[in-house]
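The next block holds one structure in the form of structure tokens; read it before the comments.
The values are calculated or read from the model by the stated rules, or taken from the named source; none is laboratory data. Model, not experiment: these values are computed from the prediction. For neighbour counting, all protein chains shown are included, and Cβ atoms are generated from backbone atoms with ideal geometry for every residue, glycine included. Quick note on the areas: whole protein, heavy atoms, side chains included, nothing else; ligands and nucleic acids left out. Shrake-Rupley method; radii C 1.70, N 1.55, O 1.52, S 1.80 Å.
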Amino acid sequence: MQDFTAMVNAQRNYFLTQATKPYAFRMRMLDALDAWIEANEEKILSALAEDLGKSAYEGYLTEIAMVKQELRDAKRNLKRWMRPRRARAAMGQLPGRCRIYREPYGVTLIMSPWNYPFQLTVAPLIGAICAGNCAVVKPSAYSAATSRLLRGMAEALFEPRYIAAVEGGREENAGLLEQKFD
């Protein structure tokens, strides 16, 4: 079993450098993820067929198309989501102005189920990237082919101190749940 404490600590240290915070970094990561999905559609569909017996049509419609739409929405709205938002000033703060600044939390854990293994792993990952967080992704052991594919995706696109993927079953789940995530 992996040393999850070291993995999470490395991600927390990377997060504290604030490298994940700029708009340009987040957009670059979303673009890389988008390009990887486009280039690997056949592999994704093959993994879904192996794990769940999904036809290419069903796999595309219920998994890939939904993730692509999520990516399009995220890329279109990211700048607006990152902008400070005006808030009403309390009576004691007048004539001041108040703003709400959205800040990333830190290190997140994404554990996904077996039934929509690609979509329910990558869609929350898109949210974590948009928010400026680091993430540990743990796909279900019951969808082993998709889990292998997602680990390969994470290794190809991201540094492990930013986004890491963990394969395995109950022992790995328990080990990850013992860690402190934000």
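Mind checking which of Leu109, Ala10, Met82 is farthest towards the positive end of region 1-116's charge dipole, using Cβ charges of +1 (Lys, Arg) and -1 (Asp, Glu) about the Cα centre?
Met82
Could you pull out the GluC sites (Glu not before Pro) across region 131-182 that fall in loop regions by DSSP (anything but H, G, I, E, B) with no more than 16 other Cβ atoms inside 10 Å?
Answer by residue number: Glu167, Glu178.
For the pair Glu167/Ala35, report the inter-label distance in nm, with labels modelled 7 Å from Cα in the Cβ direction.
Roughly 2.5 nm, to one decimal.
Pairs of Cα atoms under 8 Å, at least six residues apart: use those to get the relative contact order of the chain, whole percent.
Relative contact order, the chain: 28 percent.
Would you work out which of Pro22, Ala56, Leu45 lies farthest towards the positive end of the dipole of region 16-75? Charges go on Cβ: Lys and Arg +1, Asp and Glu -1.
Pro22
Please identify, among Ala123, Ala89, Ala19, the residue showing maximal mean-square fluctuation in a Gaussian network model of the chain using a 10 angstrom Cα cutoff.
Checking each option, the largest mean-square fluctuation is seen for Ala89.
Using a Gaussian network model on the chain with a 10 Å cutoff between Cα atoms, which of Gln69, Gln119, Gln93 fluctuates the most?
Its mean-square fluctuation being the largest, the pick is Gln93.
If you fit an axis through the alpha-carbon atoms of helix 65-82 and take the longest principal axis of the Cα set of the chain, what angle between them do you get, 0 to 90°, nearest 10?
20
Put a dot 7 Å past each Cα toward the Cβ at Lys79 and Ala174; how far apart are the dots in nm?
5.0
Keeping every protein chain present and rolling a 1.4 Å probe, give me the accessible area per residue for the chain in Å².
Here the per-residue accessible area is 55 Å².
Can you give the charge dipole size of the chain about its Cα centre, rounded to the nearest 20 debye, using +1 on the beta carbon of Lys and Arg and -1 on the beta carbon of Asp and Glu?
1500
Please give me, ordered by residue number, the trypsin sites (Lys or Arg not before Pro) of region 1-98 that lie in loop per DSSP and have at most 10 other Cβ atoms within 10 Å.
Within region 1-98, the qualifying trypsin sites (Lys or Arg not before Pro) (loop, at most 10 other Cβ atoms within 10 Å) are Arg88, Arg97.
Would you mind telling me which residue in Tyr57, Tyr105, Tyr23 has the biggest mean-square fluctuation in a Gaussian network model of the chain, where springs connect alpha carbons within a distance under 10 angstrom?
Tyr57
Leaving out ligands, DNA and RNA, and with a 1.4 Å probe, what % of the accessible surface on region 1-151 is carbon or sulfur?
Roughly 55 percent, rounded to a whole number.
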